[in-house]
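K.L.:
Next up is a structure, given as structure tokens.
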Amino acid sequence: MNYQSTRSKITTSPLKAVLEGIAPDGGLYIMPDMASLSFDWESCLENTSFGMAEQILSALLPDCAGMGELVKKAYSGKFETDDLTPLVRVGDDFVLELFRGPTSAFKDVALSMLPQLITAGRSQLDIKDETVILTATSGDTGKAALEGFHDVEGTRIIVFYPDGGVSPVQRAQMVTQSGKNVKVCAVKGNFDDCQRGVKETFAAINASGILEGSGLKLSSANSINIGRLAPQVVYYFIAYSELIKRGEIKKGEKVDYVVPTGNFGDILAGYFAKLLGLPVGRLVCASNSNNVLTDFLNTGVYDRRREFFRTTSPSMDILVSSNLERLLYLAAKGDTEKVAGYMRELSSNGIYKIDDDMLAFIQKDFAAYCADETATAETINKVWNEKHYLADPHTAVALYACEKYKAEYSEGRMTVVLSTASPYKFPAAVLSAIGGDCSGDEFAQMERLSAISGTPVPKGLSGLKEREVLHSDVIEQNGVLEYVKAQLGLED
Ligand SMILES: *Cc1c(COP(=O)(O)O)cnc(C)c1O
């Protein structure tokens with residue numbers, strides 16, 4: 001089955017969709033009728049985590065051969081446990097810990113797999129050009145992408161981060177990255193400047209035709225790429241299967257999932273799991289003070305014309321949630337003109353309103369709540385004191401949404417809260433919320449958090465301070481294009 005753009009009739013094969021990243025019309029690639037795959041979800045649940053990944057990714061990317069091997073290469077020995085994403089009981093609910101990968105970010109789950117898919121795609125489609133991954137990051141994606149792509153044959157990766165705009169731990173993670181095909185560069189500006197720089201570089205390089213004959217091709221590692229979304233479907237199955245194994249549910253019983261949301265990739269993967277047959281009840285979208293999605297899912301009006309807040313859950317500080325476009329496509333029953341229209345309204349007016357049928361379609365499966373900074377901190381405190389579980393601010397937003405959701409719906413269903421970051425990645429916010437001492441740098445704070453919680457600092461984070469700095473490039477706000485050209489040896 002081919003993938004199809006959300007904005008026009010353009011289609012492409014699954015592997016090509018992964019290699020291209022985004023459709024030429026600016027739309028996102030999606031499988032138009034996933035429910036018709038007749039996926040054997042029941043047998044999938046009997047598998048190991050690796051087996052589930054193989055079965056699900058083979059269904060979503062059917063033209064990619066050798067999936068079992070790719071899964072093994074992506075995950076073997078890289079995560080703290082073989083089940084990849086452990087399920088932990090916290091009070092009456094369960095927390096699915098997605099941050100047990102090499103960089104302590106939930107993005108590791110997908111960014112460990114994406115390089116394997118790109119490598120397989122290059123080889124199976126006989127592509128000789130080197131794939132150059134350009135990535136703008138507000139912190140977590142950069143390191144997870146570097147970890148995934150370093151020393152991967154046939155690829156190069158260049159990461160741009162805002163100078164002074166990421167946490168000291170996130171910066172240390174990136175600038176100490178080894179690998180012969182990696183570059184990390186600070187941009188004198190904020191994340192939006194990095195993102196714009198990268199987008200403009202894509203456009204300028206592709207329009208100028210200077211890559212022709214250079215043996216290079218550009219691609220993307222963020223969640224607009226279906227190759228980053230597909231691996232995230234797997235842990236919804238892992239959690240469900242674990243609940244059956246522990247006797248918490250019977251097969252077929254519905255389970256609700258609460259998801260800390262930014263770009264809508266993670267939660268959309270849950271919807272894909274449902275389309276594959278997994279008995280997913282409701283998907284609860286949890287937002288911080290940047291609550292554009294809460295309003296949208298409750299009213300059908302997407303309005304980005306609002307104040308932008310910097311919060312303690314920075315990976316969710318986002319006002320334009322790109323993957324929502326894929327849900328719109330499904331809610332509009334594949335009417336690409338309608339979706340393209342909404343996207344045009346968003347870019348020219350900053351607002352659109354979906355029709356009642358689409359809203360009803362979406363509200364059948366989605367609910368939405370938000371937590372402001374006070375609620376987030378109070379939740380970290382309460383969950384620590386009452387349940388002895390240390391949640392990072394992103395997870396706390398979801399735990400708060402979970403409580404609100406259950407108070408409103410109380411259908412008595414089992415609930416899984418997705419946890420997207422290690423508390424050690426945000427030590428100041430967590431210490432402050434539980435009334436701990438926040439003095440010193442982030443490394444000192446991590447140690448203090450470890451002493452309080454009695455759990456060790458994750459391997460990838462401890463010892464970072466001593467690691468050699470390998471990347472010290474800093475460029476001006478408008479220097480991304482020049483930098484990329486220089487790195488790739490391109491002349492006008
Ligand atoms: C990226 C990220 C999110 C948001 O995930 P989306 O797929 O963009 O919705 C939430 N929490 C953390 C810690 C993240 O890094």
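The values are calculated or read from the model by the stated rules, or taken from the named source; none is laboratory data. Just so we're clear, the structure is a prediction, and the values are computed from it rather than from any experiment. Every residue, glycine as well, gets a Cβ built from its backbone with ideal geometry; the counts of neighbours run over all protein chains shown. All accessible areas refer to the heavy atoms of the entire protein, side chains included, with ligands and DNA or RNA removed. Shrake-Rupley method; radii C 1.70, N 1.55, O 1.52, S 1.80 Å.
K.L.:
State the percent of C-alpha pairs, over all pairs in segment 351-415, separated by a distance greater than 16 angstrom.
P.N.:
Of the Cα pairs, 57 percent sit more than 16 Å apart.
K.L.:
What does the charge add up to near residue 487, with Lys and Arg as +1, Asp and Glu as -1, over the other residues with Cβ less than 9 Å from its Cβ?
P.N.:
+3
K.L.:
Related question: Mind checking which of 168, 359, 280 is farthest towards the positive end of the chain's charge dipole, using Cβ charges of +1 (Lys, Arg) and -1 (Asp, Glu) about the Cα centre?
P.N.:
280
K.L.:
Considering only DSSP beta bridges where both residues belong to the chain, give the percentage that are antiparallel (nearest 5).
P.N.:
Roughly 25 percent of the DSSP beta bridges within the chain come out antiparallel.
K.L.:
With unit charges on the beta carbon (Lys/Arg positive, Asp/Glu negative), name the residue among 218, 139, 182 whose Cα is farthest towards the positive pole of the charge dipole of segment 110-251.
P.N.:
139
K.L.:
With every protein chain present, what is the per residue accessible area of segment 310-448 (1.4 Å probe, Å²)?
P.N.:
The answer is 41 Å² per residue.
K.L.:
In addition: What percent antiparallel are the DSSP beta bridges of segment 40-174, to the nearest 5?
P.N.:
40 percent
K.L.:
If R0 is 41 Å, what FRET efficiency do you get for residue 128 and residue 363 from their C-beta distance, rounded to 0.05?
P.N.:
After rounding, the FRET efficiency stands at 0.30.
K.L.:
While we're looking at this one, here's another question. Can you send over the carbon and sulfur percentage of the accessible area for segment 317-457, probe radius 1.4 Å, protein chains only?
P.N.:
50 percent
K.L.:
Can you tell me how much longer the chain between residue 40 and residue 351 gets when fully stretched, taken as 0.36 nm per residue apart minus their C-alpha distance, in nm with one decimal?
P.N.:
Contour length minus the Cα-Cα distance gives 108.0 nm.
K.L.:
With the cut-off at 28 Å, report for the chain the share of all Cα pairs above it, as a whole percent.
P.N.:
Taking all Cα-Cα pairs of the chain, the fraction more than 28 Å apart is 51 percent.
K.L.:
If you don't mind, another one. How much length would be gained if the chain were fully extended between residue 408 and residue 150, taking 0.36 nm per residue of separation minus their Cα-Cα distance, in nm to one decimal?
P.N.:
88.3 nm
K.L.:
Could I ask something else about it? Compute the distance from the alpha-carbon center of segment 223-241 to that of segment 418-491, in whole Å.
P.N.:
Rounded to whole Å, the Cα centres lie 25 Å apart.
K.L.:
Within a Cβ distance under 14 Å of residue 122, other residues only, what is the Lys/Arg minus Asp/Glu net charge?
P.N.:
Charge balance near residue 122 sits at -2.
K.L.:
Calculate the FRET efficiency for residue 295 and residue 48 from the Cβ-Cβ distance with a Förster distance of 41 Å, rounded to the nearest 0.05.
P.N.:
Efficiency, from the Cβ-Cβ distance: 0.50.
K.L.:
Taking only protein heavy atoms and a 1.4 Å probe, what accessible area per residue, in Å², does segment 1-82 have with all protein chains in place?
P.N.:
Value for segment 1-82: 43 Å² per residue.
K.L.:
Could you give the size of the charge dipole of the chain about its Cα centre, using +1 on the Cβ of each K and R and -1 on the Cβ of each D and E, expressed in debye and rounded to the nearest 20?
P.N.:
Dipole size: approximately 280 debye.
K.L.:
About the Cα centre, and with charges only on the beta carbon of Lys, Arg (+1) and Asp, Glu (-1), how big is the dipole of segment 36-183? Nearest 20 debye, please.
P.N.:
Rounded to the nearest 20 debye, it is 720 debye.
K.L.:
Here is a follow-up. Considering only the other residues whose Cβ falls under 10 Å of the Cβ of residue 256, what net charge follows from Lys and Arg at +1 and Asp and Glu at -1?
P.N.:
+2
K.L.:
Using helices alone, what [θ] at 222 nm do you get for the chain, with -39,500 (n - 2.57) per DSSP H run of 4 or more residues, divided over all residues and rounded to the nearest 500?
P.N.:
-13500 deg cm²/dmol
K.L.:
Would you work out which of 56, 21, 76 lies farthest towards the positive end of the dipole of segment 1-87, given +1 charges on the beta-carbon of Lys and Arg and -1 on that of Asp and Glu, about the Cα centre?
P.N.:
Going by the charge dipole, the pick is 21.
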